[in-house]
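Since the structure comes first, as structure tokens, the remarks are kept for the end.
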Amino acid sequence: MEVLAVQEKIPCLDLSGQHQQLRREIFEAFEKVYDTTAFSGGSFVEEFERSFATFCNTEFAVGVNNGTSALHLAMLALGIGAGDEVIVPANTFIATAWGVSYTGATPVFVDCTSDTWQIDASKIEEKITNNTKAIIGVHLYGQAFDVDALSILCQKYNLFLIEDAAQAQGATYKGKHVGGFGQMGCFSFYPGKNLGACGEAGGITTSDLVYYKHLQSLRNHGSVVRYYHDEIGFNMRMGGLEAASLTIKLKYLSDWNKRRREIADRYQQELINPQIRMQTQPAWTESIYHLFVITTDDRSKLMQHLNEHNIFPGLHYPVPCHLQKAYTHLGYKEGDCPNAEYLAAHCLSLPMYAELTDEQVTYVIEVLNRYGHA
Ligand SMILES: Cc1ncc(COP(=O)(O)O)c(C=O)c1O
């Protein structure tokens, strides 16, 4: 085979292209925030909240300072606390479990399936006890989880359903954008997300007025009327600059997600190396491919091959939640969630961002198809 010309470095994610394109538009919006000094909360946050709620088909959205706070406040708004248990997938970013732990409740980890890599609904029931209060489903890598299966369990056992949609702004489940299927949807707008702020930010979507009001108070020192504090609250407000950048980026999100789908389609169709396996895409979801995760038997070898060709994949995530040191006290051991453990040891995230050129995608595919044949 012809040796490929090594291209410039291709990372897993590169934010510079998007931000150079939007430089003028975002700087103009920043000037407006600056001139009106609406730096914390205020009109720019409210404007973004309205547009994001519309985007998610929910009545309300509450802007907060990051996605971890969104999950924390969602747990508090549900009244979850010490002695309670919340079902969480073992295969997710750890912050899905943090909100549960911050309230004093216990995350109960459930394995993922071996093909969709989402929480395995058939393994949830055996983990439900009298203390279980909620299930957090995660739309992981941008692909919706099996909402109907989890909703049925929630109805049967009278549990709350929370969507961790941190990686899934614009992903669909049965044709509808995620964020409105449970009591609350929790989003991260960390810069690297498909919809990422110029700074840290997060948000909670809901159509329940009571949760909405409570979340607004909780993020603002437990206060509705200034300097009157109804409960112990937090300073978790969204900043004006972050909100202004998000309002602009939301206009482009569908196009960016479409481009990611095009790239994912090419990976799915043109990667023909049997040493590379991909996530199964159930018919119920249109993923936004926040990440394009693959698995392979010898990850270090593939990583080395890619690095030698100037491609730098990511690892999402090298340790499943139940085996993280932070959760040693919960007593999980290797073998408890075998599919999540397999993924942690064998996953790699391919380059995935809207600004990848067709030529770069072709190059990544060719390098991967040559793996093991050199
Ligand atoms: C699945 C998931 N949940 C929660 C979070 C937490 O969001 P943030 O980093 O904005 O606190 C993230 C962010 O990486 C995430 O990927």
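If the condition is being surrounded by fewer than 24 Cβ atoms within 10 Å (Cβ to Cβ) and within 26 Å of residue 209 (Cβ to Cβ), then segment 73-90 contributes 76, 78, 79, 80, 81, 84. The listed residues are 39, 55, 93, 30, and the only one of them that is open to solvent by less than 40 Å² (accessible area, probe 1.4 Å), among the aromatic types (Phe, Trp, Tyr) and on the phi < 0 side of the Ramachandran plot turns out to be 55.
Tell me whether segment 170-186 contains one or more residues that are assigned to a loop (DSSP other than H, G, I, E, B), within 13 Å of the ligand (Cβ to nearest atom), open to solvent by 20 Å² or more (accessible area, probe 1.4 Å) and not assigned by TED's automatic domain parsing to the domain that holds residue 352. No, because not a single residue in segment 170-186 is assigned to a loop (DSSP other than H, G, I, E, B), within 13 Å of the ligand (Cβ to nearest atom), open to solvent by 20 Å² or more (accessible area, probe 1.4 Å) and not assigned by TED's automatic domain parsing to the domain that holds residue 352. Note on segment 58-67: among residues that are surrounded by fewer than 24 Cβ atoms within 10 Å (Cβ to Cβ) and within 14 Å of the ligand (Cβ to nearest atom), the one that is farthest from residue 174 (Cα to Cα) is 65.
Among the numbered criteria (1) within 22 Å of residue 141 (Cα to Cα); (2) among the β-branched types (Val, Ile, Thr); (3) touching a strand residue (DSSP E or B) at 6+ places or on another chain (Cβ under 9 Å), which one does residue 94 miss? Only one criterion in (1) within 22 Å of residue 141 (Cα to Cα); (2) among the β-branched types (Val, Ile, Thr); (3) touching a strand residue (DSSP E or B) at 6+ places or on another chain (Cβ under 9 Å) is unmet by residue 94, namely (3).
Of note, residue 70 does not satisfy the criterion of being open to solvent by 10 Å² or more (accessible area, probe 1.4 Å) and outside any strand (DSSP E or B).
Per-residue answers, yes or no, for (1) within 15 Å of the ligand (Cβ to nearest atom); (2) of a type in the set (S, T, N, Q); (3) modelled with pLDDT of 95 or more; (4) farther than 19 Å from residue 178 by Cα:
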residue: 71; (1), (2), (3), (4): yes, no, yes, no
residue: 83; (1), (2), (3), (4): no, no, yes, yes
residue: 89; (1), (2), (3), (4): yes, no, yes, no
residue: 101; (1), (2), (3), (4): yes, yes, yes, yes
residue: 104; (1), (2), (3), (4): no, no, yes, yes
residue: 117; (1), (2), (3), (4): yes, no, yes, no
residue: 127; (1), (2), (3), (4): no, no, yes, yes
residue: 136; (1), (2), (3), (4): yes, no, yes, no
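The condition (being within 16 Å of the ligand (Cβ to nearest atom), in a strand (DSSP E or B) and aromatic (Phe, Trp, Tyr)) is satisfied by just one residue among 52, 93, 109: 109.
Between 219, 260, 237, the distinction of being under 25 Å from residue 164 (Cα atoms), surrounded by 15 or more Cβ atoms within 10 Å (Cβ to Cβ), out of contact with any helix residue (DSSP H, G or I) (no Cβ under 7 Å at 6 or more places or on another chain) and not assigned by TED's automatic domain parsing to the domain that holds residue 361 belongs to 237 only. Name the single residue, out of those in segment 96-137 being charged (D, E, K, R) and open to solvent by 10 Å² or more (accessible area, probe 1.4 Å), that is farthest from residue 184 (Cα to Cα). Out of the qualifying residues, it is 115. Restricting attention to segment 204-233, the residues that are closer than 22 Å to residue 178 by Cα and among the small types (Gly, Ala, Ser) total 1. Of all residues in segment 188-211, those satisfying the criterion of being more than 8 Å from the ligand (Cβ to nearest atom), crowded, with 24+ Cβ neighbours inside 10 Å and hydrophobic (A, V, I, L, M, F, W, C) are 195, 197, 204.
The values are calculated or read from the model by the stated rules, or taken from the named source; none is laboratory data. Remember, it's a predicted structure, so these values are computed and weren't measured experimentally. Every residue, glycine as well, gets a Cβ built from its backbone with ideal geometry; the counts of neighbours run over all protein chains shown. For accessibility, only protein heavy atoms count, side chains too; no ligands or nucleic acids. Shrake-Rupley method; radii C 1.70, N 1.55, O 1.52, S 1.80 Å.
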